[in-house]
Amino acid sequence: MESALEWHTAKALLDWQIEMGVDETISDGPVDRFAFEAAAKERAAEAQAAVPQRGQTAPPVKQPKIDPIAEAEKAVAGVKGLGALRAALDGFPHCDLKRGARNLVFSDGVPTAKVMFVGEAPGRDEDLQGKPFVGRAGQLLDKMLAAIDLSRHDNVYITNVLPWRPPQNRDPKPDEIAMMLPFLKKHIALVNPDVVVIIGNISCQALLGKRGITRLRGQWAEAAGCPALPMFHPAYLLRNPAAKRDAWADLLELRTKLEALT
Ligand code: URA
C-alpha cells in the first residue's frame, strides 16, 4: 500500500515546483505532450497526401451512373392516362434533344381511333407548333389519309418515336430511340389501337428492331402487341414520287384491314 507523503516532504516538493515556475494545476495525472505532437504530425501528413500536388489532377468524384432506359421505364410504370404520359415525358431529364427543342411534340388526332400512325421525329414546323406532321410531309400525309377516308380530325391518332426535334433534323441516335421506346410503348398501350402504321425507317427500327423500309413496307408485322403495317415516310415520297404507287397499295391494304375490323 502506498504511504501518504509526510507533510514536510509534501510542502518541500510544492515549494520546489513553485520555484520552478509552476503556478497552476491542470489535472491529476501526467500528460505526454510528445505523444500528442506525434499524432498531430501523422494526421497532417495524411491530409497532405490527399491534396493534389502541382501537375497532378484531382481524383474524379464518382457520380452514380444513370441508365436512361431504366429511368424511362420507371417514369412510365405508374402512368394510367395520356395526360400523365405527356407530363412524364415533359419531366424526363435524360434526353439531350429536349434542351434544343422549343416544344414537346406529343400527338395529334383522336385518342380513341382504331388506327395509330407512328412517325419518326418532329421537324422545324412541328417543333414550332408542338404538333406532329404539320409541315410539308404532314400535308402529304393528310392527303394520303383523305384518299382512304381517314382524317386526324375524325378517326386517326398520330405520334412520333421522338417527341423533341433533333438538331438540324439529323437522324435520331440509337440511344435516343432506346430511351424513348418505353414512352412510345406505353403510348400505344394507352391508345390501344387495332392497327399501328409505322412510318419510315426510324420508326421500323424503334418498333420492329429492323430497318429496310423498301423490303418491310406493305408487310404486316407486330408492334407493341398490335398488328402493324410499315409504310414509306411521306417525306420520302416527296423526294421519290415514283414510290407513291407502292404507298397507294399500302393505303388500300390498310383500308381493307380497317373495314374487316368494323
Ligand atoms: N416527320 C416525322 O416523322 N414526324 C413529324 O412529326 C414530322 C415529320
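Every number in this text was worked out from the coordinates using simple rules, so none of it is lab data. In this text, all values refer to a predicted model and were calculated from it rather than measured experimentally. All Cβ positions, even for glycine, are placed from backbone atoms using ideal geometry, and neighbour counts span all protein chains on display.
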_Helix 68-77 against the longest principal axis of the chain: what's the angle in degrees, Cα atoms only, rounded to the nearest 10?_
70 degrees
*Once you charge only the Cβ atoms, +1 for Lys and Arg and -1 for Asp and Glu, what is the size of the charge dipole of region 1-126 about its Cα centre, to the nearest 20 debye?*
1460 debye
*For every other residue with a beta carbon closer than 10 angstrom to the beta carbon of Gly123, add +1 if it is Lys or Arg and -1 if Asp or Glu, then tell me the sum.*
-1
*Between Asp125 and Thr256, what length comes free when the chain is fully extended (0.36 nm per residue of separation minus the Cα-Cα distance, one decimal in nm)?*
43.9 nm
*Could you rank the peptides 156-165, 176-185, 248-257 by their average count of other C-beta atoms within 10 Å per residue, with the highest value first?*
156-165, 176-185, 248-257
*When DSSP assigns beta bridges and you keep just the ones with both residues in region 113-242, what percent turn out antiparallel, to the nearest 5?*
20 percent
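Rounded, prolate or oblate: which fits region 113-207, taking a ≥ b ≥ c as square roots of the Cα gyration tensor eigenvalues, rounded meaning a/c under 1.5, else prolate when a/b beats b/c?
oblate
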*Around Asn160, which amide H atoms from residues at least 5 apart in sequence, or from another chain, sit under 5 Å from its own amide H, with H modelled in the peptide plane?*
Gly119
*Order the peptides 227-233, 10-16 from the highest to the lowest mean number of other Cβ atoms within 10 Å of their residues.*
227-233, 10-16
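Cβ neighbours within 10 Å, averaged per peptide: list 213-223, 123-133 in order, most packed at the top. Before the final figure, lay out each step's value.
Details: 213-223: 16.1, 123-133: 19.9.
The most tightly packed comes first, giving 123-133, 213-223.
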*Placing +1 at every Lys and Arg Cβ and -1 at every Asp and Glu Cβ, with all other atoms neutral, what dipole size does the chain have around its Cα centre, in debye to the nearest 20?*
2560 debye
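So in the chain, what percent of DSSP beta bridges are antiparallel if you round to the nearest 5?
If I count the DSSP bridges inside the chain, around 30 percent turn out antiparallel.
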_Checking the a/c ratio against 1.5 first, then a/b against b/c, what shape does the Cα gyration tensor give for the chain?_
prolate
